[in-house]
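Q: This structure is in structure tokens; I'll ask about it shortly.
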Amino acid sequence: MLLVDSCRLDFPSLRVKLSWMSDNQRFSTTRWSVRDLTRYVRGIFETDYRLQDLEVEGEVSNLRIPGSGHAYFTLKDAGAELKCVMWKNDVISHRNEMPSNGEKVVARGYIGVYEAQGVYQMYCRSLRPAGLGDLHARFEELKARLLAEGLFAPERKRPIPLRPQVIGIVTGSETAALQDVLNVLRRRYPLARVILSPTPVQGEQAPPRIIAALDALTRSGQCDVIIVVRGGGSLEDLWCFNDERLARAIAASRVPIVSGVGHETDFTLADFAADLRAPTPTAAAELITQFTIDDLRDDIEALRVRLADEFSMSLIERRRRIDMAVMHLTRLSPQRRINDARQRIDELTARGGRAVRSQIMLRHARLNGIVKALGAINPDATLARGYAIVRSPNGDIVRRADDINPGTEVNIRLHHGRLRATVNAVESD
Amino acid sequence: MGENPSFEDALAELEDIVSRLETGDLALEESLSLFERGQTLATLCNQVLDQAELRLEQIGSSPMPLDSTEE
């Protein structure tokens, strides 16, 4: 199947040739041209996905970089050799890091066929020292050592400020990770000031550069928090974040550090040393902006409501106090005493009137009594009952018989009229 | 504090004003002026939030506009 597919897809000339061959011809010994056969073989190589992206470890030999800038070398180990080529652009991107003959390297690239020479060879895109061979084992060893040393201890972790105003970013200046972070910050907390400290985030030389970038930020003394981020990549790509010096620098930072290196499944020593590990750069940006601009809006709205409430409460309290004072004032007012006095006057007036009236009545009664008594001693009434008043010639009322001598003329007053009489005899008691 | 305090200063002052009003014991004139000041600050804070744009600087260089090449 593979063969037929490859013919159909990639080799129209061959397909044409096959189509005019009879079945007999196709399944019996075939005579090929060298060119066709080589192309056919090349098709086999190029359609095997396992050969399209692979790593090969071996020792570099026969390295040549002619004027074209392309690099040609052989990788070999104890049992075999593999011809390799690396195009100029990839050579340039390796700068000073091209291996020299005899060095053990891991090459990454694909396997293809160079028809002109009839050789299969490896087209290398990257080379790195093979010393990193067992990255995982080295990682675990270093991690265990730093862990034992207490570098990752929870009590060493500094708290991440809830609302950092100045955010330091350590990452590559042209990276997608940086854009991801900035997008999150712009959306969640655009009030922040962001200070980028650019650094390469890949390769042998990266760790000291990352440390320097970090150091520049902490020395500026401006950042409330620093995030160290890098987008996803292979274990080798992220390896610089497993650098012991970097882990120590992160642990020693005065400013809290949040790491976000690679993807969720990638754990680097930088992550363990950081105060907080975010699974990705985006997540790192989110973790330092847990208090968002919307939360801030809510806070300010709440403050505004409280402000109005407190003020109106203070007014209400004042009104209450005014009411209280008015009440007190009313109670203490002279008006009330004046009113009291008025009432008392009325009361007294009433009482005075009554007293006067009763006095008058009393006097009337007494007067009547006197008049009656006067009536009782009026001699007329006595005279009316038959008594008489006898007076001597000089007018004195005669009360004793022997005050008068016989023969004396006396005047007798009766109820009606008077008598003039002469006394005949005197009889004493 | 000047006419245009920073956002953080404005927010801190607003919080301070509210808690001072809460404790009471202020002269009427004072609480009235605090109230007015608080309203001004709240408005100011909201304006800052509405107009906020992320400021990006690079260490060792002067501030640069962030959004000039985007959106």
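What follows draws every value from the coordinates through simple rules; no lab data is involved. Computed from a predicted model, the values in this text were never measured in an experiment. Quick reminder, even Gly has a Cβ in these numbers, built from the backbone with ideal geometry, and neighbours come from all protein chains shown.
Q: In Å and on Cα atoms, what radius of gyration and Dmax does segment A:243-370 show?
A: 44.9, 142
Q: Still on this structure, please answer the following. Can you compute the radius of gyration and Dmax for segment A:29-140, using only the Cα atoms, both in Å?
A: 15.8, 57
Q: Expressed as cubic angstrom per residue, what is the convex hull volume of the alpha carbon set of segment A:69-226?
A: Looking at segment A:69-226, the number lands at 177 Å³ per residue.
Q: Please report the spacing between the Cα centers of segment A:202-270 and segment A:313-349 in Å, no decimals.
A: 79
Q: Could you tell me what a quarter of the Cα convex hull surface of segment A:212-288 works out to, in nm² with one decimal place?
A: Working: hull surface 17.9 nm².
Seen from a random direction, the Cα hull of segment A:212-288 projects 4.5 nm² on average.
Q: Looking at the protein assembly as shown, send over the antiparallel percent of its DSSP beta bridges, to the nearest 5. Don't skip to the end; give the middle numbers.
A: On the way: 36 of 60 bridges.
Antiparallel: roughly 60 percent of the beta bridges in the protein assembly as shown.
Q: Hey, another quick one. How many percent of all Cα-Cα pairs in the protein assembly as shown sit more than 31 Å apart?
A: The share of Cα pairs beyond 31 Å in the protein assembly as shown comes to 72 percent.
Q: With labels modelled as points extended 7 Å from the Cα through the Cβ direction, what inter-label distance (nm, one decimal) is found for A:A376 paired with A:W87?
A: The two pseudo-label positions are separated by 16.4 nm.
Q: Give me the base-10 log of I(q)/I(0) for segment A:222-266 at each q in 0.18, 0.21, 0.22, 0.34 Å⁻¹, Debye formula, one uniform scatterer per Cα, rounded to two decimals.
A: Here log10 of I(q) over I(0) equals -0.57, -0.74, -0.80, -1.23.
Q: Could you check which residue among A:E57, A:E264, A:E115 shows the biggest mean-square fluctuation in a GNM of chain A with a 10 Å Cα cutoff?
A: Among A:E57, A:E264, A:E115, the largest GNM mean-square fluctuation belongs to A:E115.
Q: While we're on this one: Please report, for the Cα atoms of segment A:341-405, the Rg to one decimal and the Dmax as a whole number; what are they, in angstrom?
A: Radius of gyration, then largest Cα-Cα span, for segment A:341-405: 25.0, 80 Å.
Q: How big is the convex hull of the Cα atoms of segment A:118-211, per residue, in Å³?
A: 174
Q: Let me ask another. Mind pulling the angle between the C-alpha long axis of helix A:206-220 and the longest principal axis of chain A? Nearest 10 degrees, somewhere in 0 to 90.
A: The helix A:206-220 is inclined about 30 degrees to chain A.
Q: Right, another one. Would you work out the charge dipole size for segment A:285-424 about its Cα centre, treating the Cβ of every Lys and Arg as +1 and the Cβ of every Asp and Glu as -1, and quote it to the nearest 20 debye? Let's see the in-between values first.
A: Working: 25 positive and 18 negative charges, 415 e Å.
Charge dipole of segment A:285-424: 2000 debye, to the nearest 20.
Q: For chain A, what is the mean residue ellipticity at 222 nm derived from helices alone (per DSSP H run of n ≥ 4: -39500 (n - 2.57); sum divided by total residues; nearest 500 deg cm²/dmol)? Each step should come with its number before you reach the end.
A: Values: 14 runs with 197 residues, N = 429.
Using -39500 (n - 2.57) per qualifying helix, the result is -15000 deg cm²/dmol.
Q: Something else now. Could you work out the pair-distance distribution P(r) of segment A:308-380 from its alpha-carbon pairs, with 5 angstrom bin width and percents rounded to whole numbers?
A: 4, 12, 8, 8, 7, 7, 7, 6, 6, 5, 5, 4, 4, 4, 3, 3, 2, 2, 1, 1, 0, 0
Q: What length, rounded to one decimal in nm, is gained on full extension from A:E244 through to A:R385, with 0.36 nm per residue of separation minus their alpha-carbon distance? Don't jump to the answer; show the numbers that get you there.
A: Working: separation 141, 0.36 × 141 = 50.76 nm, distance 16.11 nm.
34.6 nm is the gain from fully extending A:E244 to A:R385.
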